[in-house]
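Accompanying notes for the structure given below.
The values are calculated or read from the model by the stated rules, or taken from the named source; none is laboratory data. For clarity, every value in this text was computed on a predicted model and none was experimentally measured. SASA here: full protein model, heavy atoms, side chains in, ligands and nucleic acids out. Shrake-Rupley method; radii C 1.70, N 1.55, O 1.52, S 1.80 Å.
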Amino acid sequence: MPRLAWQKSSYSNEGANCLNVAAASDGTLRLRESDAPETVLPVTRDCLAAFLVAIKGHGARPPVRNR
């Protein structure tokens, strides 16, 4: 696996609990938390964008699944 160039979120402080993001060669993104760098979450750009809109509360909501 090629080495990823990780970037820290500009919203992260200088201590723990920092979100890191990297672009993979297949066009997807990788996310990891600085306290657990061995756990990497692959996401598409569209999925991450929708997630960010939803958590910022700008009207978009994730789909609700029937239980």
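Summed over the range 28-57, the residues that are at pLDDT 90 or above and either of a type in the set (Gly, Ala, Ser) or open to solvent by 50 Å² or more (accessible area, probe 1.4 Å) (or both) give a count of 10.
Applying the criterion of being at pLDDT below 90 and aliphatic (A, V, I, L, M) to the residues of the range 1-27, the residue that is nearest to the chain's Cα centre (by Cα) is Leu19.
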